Amino acid sequence: MATLFSPLTIRETEIRNRVMMSPMCQYSAEDGFADDWHRVHLGSRAVGGAGVVMVEATAVEPRGRISPGDLGIWSDEHADALAPIAEFLRSQGATPAIQLAHAGRKASTSRPWEGHEPLQPDGDGWETIAPSGPYPYPDDEPPRTREMDHEDIDTVIDAFRESARRARDAGFEIAEVHAAHGYLLHEFLSPVSNDREDEYGGSFENRSRLVREVTAAVRDVWPDDAPVFVRISATDWLPDRESWDLEESIRLAPLLAEAGADLIDVSSGGSHPDQQLEQPGPGYQVPFAESIREETDVSVAAVGKITDPTHADAIVRNGRADVAALGRELLRHPYWTLEAAHELGVDIEWPVQYRRGRFE
């Protein structure tokens with residue numbers, strides 16, 4: 001029986017435990033470059049014992065940034081800035097991971113603490129792209145978003161491929177394709193945001209085409225012995241309209257596996273401001289991950305208000321997910337994993353510099 005502290009081997013990559021630090025945007029980069037903030041932020045969670053430490057949504061092209069403060073990997077120089085971080089994470093026993101992302105129509109906004117307002121192309125922002133025309137997330141007044149043509153689609157696929165190549169060369173061992181939270185690939189998946197009439201719109205097969213092509217492009221340049229993850233939103237939380245839902249997520253998972261994905265990182269929401277999110281309690285998204293795992297036999301990560309070690313361990317022990325992903329809890333407690341091992345009675349290795357602080 002697997003537990004939270006059982007090693008996990010995917011392909012030929014061994015992860016020391018089932019705790020994953022979720023990618024969480026810091027909005028603190030200049031021109032997309034990682035700096036001391038990112039080194040300390042990510043490095044401390046590796047020191048703190050997490051099995052996978054994943055770099056935040058990292059834009060595959062400049063127009064794919066959510067804000068001017070987002071990380072990027074659209075050039076070799078950006079990858080060079082990330083390489084020392086990947087090396088340090090590995091040196092502390094964590095598996096270095098990176099989320100490759102494109103924000104689509106949700107790009108070109110100010111940082112959250114600056115109001116998260118749309119930035120216009122004639123000011124501090126830039127033109128955004130999306131599967132379809134104007135759409136109320138964020139408010140496109142005046143319109144900033146252009147409907148993508150086939151050249152744009154080819155450019156985006158190539159951008160993911162080349163960014164994955166750079167991430168590989170920078171020393172990352174897991175690449176995650178971001179197809180959740182209302183960003184570009186999710187925008188194609190959901191009929192709420194995709195009303196195209198070509199081979200990338202309409203039917204489930206067409207709406208899922210781009211994420212499958214992107215996943216295959218990443219897999220094509222990623223090492224055969226290393227994993228590719230895909231993060232999805234299992235539901236749009238829009239029960240009163242045609243939208244992306246758990247049934248379609250279950251259909252998508254094996255197709256992503258065929259395209260080269262090894263694990264589905266299961267989140268939810270983000271596609272529309274009218275989403276009717278259930279009152280989120282501890283582990284509120286775990287049932288989505290569990291359903292995908294049961295129905296498809298594809299490995300999954302569960303995320304969403306997982307804070308208690310016993311709860312996280314039970315998720316893995318009971319076969320509800322293969323990995324427990326923590327976000328805000330690791331912002332509050334960088335060394336959560338070390339403390340969780342103590343609470344669960346598991347003896348794990350501590351950094352030599354910290355051993356005098358071990359629990360007795």
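The values are calculated or read from the model by the stated rules, or taken from the named source; none is laboratory data. The structure presented is a predicted model; accordingly, all values stated were derived computationally and were not measured. Because the Cβ atoms are built from the backbone with ideal geometry, glycine has one as well, and the counts that use them run over all protein chains shown. Heads up: the accessible areas ignore ligands, DNA and RNA and are worked out on the full protein's heavy atoms, side chains in. Shrake-Rupley method; radii C 1.70, N 1.55, O 1.52, S 1.80 Å.
Select, from Ala79, Ala94, the only residue that is open to solvent by less than 10 Å² (accessible area, probe 1.4 Å) and more than 23 Å from Ala325 (Cβ to Cβ).
None of the others qualify; the one that does is Ala79.
Going through segment 184-217 one residue at a time, which ones are more than 17 Å from Glu151 (Cα to Cα) and open to solvent by 40 Å² or more (accessible area, probe 1.4 Å)?
Answer for segment 184-217, where residues must be more than 17 Å from Glu151 (Cα to Cα) and open to solvent by 40 Å² or more (accessible area, probe 1.4 Å): Asp195, Gly202, Ser203, Glu205, Arg212, Ala216.
In segment 313-341, what residues are over 26 Å from Val352 (Cα atoms) and in a helix (DSSP H, G or I)?
Passing the criteria: Ala314, Ile315, Val316, Arg317, Arg328.
For (1) farther than 26 Å from Ala324 by Cα; (2) touching a helix residue (DSSP H, G or I) at 6+ places or on another chain (Cβ under 6 Å); (3) of a type in the set (Ser, Thr, Tyr), each residue gets a yes or a no:
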position	(1), (2), (3)
Glu173	no, no, no
His178	no, no, no
His181	no, no, no
His186	no, no, no
Pro191	yes, no, no
Arg207	yes, yes, no
Trp244	no, yes, no
Leu252	no, no, no
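Here is a check on your reading of the model: is Glu87 free of Cβ contacts under 8 Å to residues at least 40 places away in the same chain, among the acidic types (Asp, Glu) and open to solvent by 60 Å² or more (accessible area, probe 1.4 Å)?
Criteria not met by Glu87.
Of everything in segment 1-40 that's in contact (Cβ under 8 Å) with a residue 12 or more places away in the chain and aromatic (Phe, Trp, Tyr), which residue is surrounded by the fewest Cβ atoms within 10 Å (Cβ to Cβ)?
Ranking the candidates gives Phe33 first.
Restricting to segment 238-255, and then to whatever is without any contact (Cβ under 8 Å) to a residue 60 or more places away in the chain and open to solvent by less than 20 Å² (accessible area, probe 1.4 Å), can you tell me which residue is nearest to Ala216 (Cα to Cα)?
Among those residues, the one meeting the criterion is Ala253.
Search segment 256-285 for residues being in contact with a helix residue (DSSP H, G or I) (Cβ under 6 Å, 6 or more places away or on another chain) and part of a helix (DSSP H, G or I), and hand back the single one that is surrounded by the most Cβ atoms within 10 Å (Cβ to Cβ).
Only one residue fits best here, namely Leu256.
Would you confirm, using the coordinates I've provided, whether Thr145 is modelled with pLDDT under 95, among the polar types (S, T, N, Q) and either open to solvent by 40 Å² or more (accessible area, probe 1.4 Å) or farther than 30 Å from Glu12 by Cβ (or both)?
Yes.
Against the conditions (1) over 21 Å from Ile292 (Cβ atoms); (2) among the polar types (S, T, N, Q); (3) in a helix (DSSP H, G or I); (4) touching a residue at least 40 places away in the same chain (Cβ under 8 Å), where does Asn194 fall short? Just the number, please.
So Asn194 meets the others, but not (3).
Based on this model, can you work out whether Asp265 counts as of a type in the set (Asp, Glu), closer than 27 Å to Asp224 by Cβ, modelled with pLDDT of 95 or more and in contact with a Phe, Trp or Tyr (Cβ under 6 Å, 6 or more places away or on another chain)?
For Asp265, the condition - of a type in the set (Asp, Glu), closer than 27 Å to Asp224 by Cβ, modelled with pLDDT of 95 or more and in contact with a Phe, Trp or Tyr (Cβ under 6 Å, 6 or more places away or on another chain) - is met.
What are the residue pairs meeting all of these: first residue in segment 318-334, first residue surrounded by 24 or more Cβ atoms within 10 Å (Cβ to Cβ), second residue at pLDDT below 95 and of a type outside the set (S, T, N, Q), Cβ atoms under 8 Å, and 6 or more apart or on different chains?
As it stands, the answer is none, since no pair meets every condition given.
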